[in-house]
Each structure stands twice: as structure tokens, then as C-alpha cells.
Amino acid sequence: HTGDIGMWLSNGTLKIIDRKRHIFKLSQGEYIVPEKIETIYHKSLYVKQVFVHGESLKSCIIAIVVPMVDVIKSWAQENGISGTLSVLCANPEVKKLIMDDMIAWGKDGGLKSFEQVKDIYLHPDPFSVQNGLLTPTLKMKRPQVRSYFAPQIEDMYMKLK
């Protein structure tokens with residue numbers, strides 16, 4: 001068992017198409033590949049880092065987003081919104097801007113509706129090796145990110161009920 005996901009091609013060969021370990025199933029039975037969704041959402045000029053999360057007892061996915069500081073500050077200034085990055089991350093207009101852009105990229109990238117996030121939490125500080133959320137090769141440590149943001153994840157799901 002390698003942890004790879006394969007697909008048999010018509011000529012009888014096996015093509016490796018993904019890794020198994022980060023797939024999860026939602027309550028209605030749909031399978032979610034978070035890295036695929038994260039790759040699409042990274043195309044948004046507002047998104048620096050994104051962690052897509054879902055649970056087997058929930059019907060939708062949510063995300064933790066670290067915004068691009070300069071882009072968000074510039075947009076805020078143009079729109080008469082002031083404050084530190086932490087203040088901007090808590091601003092509903094900023095959240096709507098980023099989430100709408102992510103959803104647009106998701107549609108453009110062919111995501112199905114159940115693959116689109118239903119809520120996001122904006123976090124001002126990047127995931128890093130120092131805060132234990134990235135490996136030394138800068139890969140996301142999914143279990144650590146999940147535990148670090150457990151209160152925000154729980155809060156988002158409570159609001160979506």
C-alpha cells in the first residue's frame with residue numbers, strides 16, 4: 001500500500017492521479033481532495049495560504065485563509081477601510097471580497113458545489129515552520145493546522161447550522 005490513488009487507463013496501464021492520505025468524505029458521501037481545492041483557491045490574488053477542512057459528520061467544507069497583506073491593505077485603502085491586518089481580517093467586507101473571489105476561481109476551476117467552501121476564517125499570520133504549521137520543506141502539517149484552528153473551525157460550523 002503506497003498511499004497513491006490510481007486510475008486504470010484503457011490500454012491497461014495504471015496512472016497515479018493523487019495521494020490518498022488527505023482525502024475525506026462529507027456526510028452525504030462526497031469525497032473531498034483538499035489539496036486540489038487549495039491549488040485552485042491559491043490563484044486568487046487575495047490568498048497567500050489556504051487550508052481547506054471538512055468532516056465526515058458535516059455536509060460542507062470550510063477554510064482558513066491567510067490573506068496577501070499588500071493586496072488586502074491596498075484594497076482596504078481604496079475602499080476607505082482602515083486598520084491593521086488583524087482588524088482587516090475581522091472585517092466582513094474583506095471576508096466577503098476574499099470568499100467571493102475564491103468561489104469565482106473555484107467555479108472557473110471546475111469545482112463542484114460541494115467542493116466550494118461555505119465559510120472562511122481570515123488569519124493575519126502566515127503558516128510557518130516556526131509556528132509548527134509547516135514542515136521544513138514548507139508543506140502544510142494538516143493535523144497541526146486542524147488543531148491550531150480548532151476553535152475557529154468549530155465556530156464556523158456552528159454558524160453554518
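Throughout, read-outs are computed from the coordinates displayed, never taken from laboratory work. Worth saying up front: this structure is predicted, and the values here are computed from it rather than measured. Heads up, the Cβs are rebuilt from the backbone with ideal geometry, glycines too, and the neighbour counts pull from every protein chain shown.
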Please list the three semi-axes, largest first and in whole Å, of the ellipsoid equivalent to region 51-115, using sqrt of 5 times the eigenvalues of its alpha carbon gyration tensor. 26, 14, 9
Mean separation of Cα contacts under 8 Å (at least 6 apart) over the residue count of region 50-161, i.e. the relative contact order in percent, is 29
Phi-based couplings in Hz for region 127-137 (Karplus 6.51, -1.76, 1.60; Gly and Pro marked x): 5, 8, 5, 4, 8, x, 9, 10, 7, x, 8
I need the calculated FRET efficiency for the pair Ile81 and Asp125, taking r as the beta carbon distance and R₀ as 22 Å, to the nearest 0.05. 0.65
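Provide the gained length on full extension for the span Arg146 to Lys25, in nm with one decimal, where the gain is 0.36 nm per separating residue minus the Cα-Cα distance. Walk me through the numbers before you get to the answer.
Working: separation 121, 0.36 × 121 = 43.56 nm, distance 1.61 nm.
In short, 42.0 nm is gained.
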Rounded if a/c under 1.5, otherwise prolate or oblate - region 104-161, Cα gyration tensor axes: oblate
Within region 101-144, backbone nitrogen closer than 16 Å to the virtual label 7 Å beyond the Cα of Asp4 toward Cβ: none
For Asp70 and Ser113, FRET efficiency with R0 = 45 Å and r from the beta-carbon atoms, rounded to 0.05? 0.90
Considering amide H positions built from the backbone, and no H for Pro or chain starts, which residues 5 or more places from Gln49, or on another chain, come under 5 Å of its amide H? Val66
Quick one: which of Lys15/Lys161; Lys73/Lys112; Lys139/Lys161; Lys43/Lys73; Lys15/Lys96 span more than 29 angstrom between C-alpha atoms? Lys15/Lys161; Lys73/Lys112; Lys139/Lys161; Lys15/Lys96
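In which sequence would His22, His123 go, from the one with the fewest C-beta neighbours within 10 Å to the one with the most? Please report the intermediate quantities before stating the final value.
Numbers: His22 16, His123 20.
Lowest to highest Cβ neighbour count: His22, His123.
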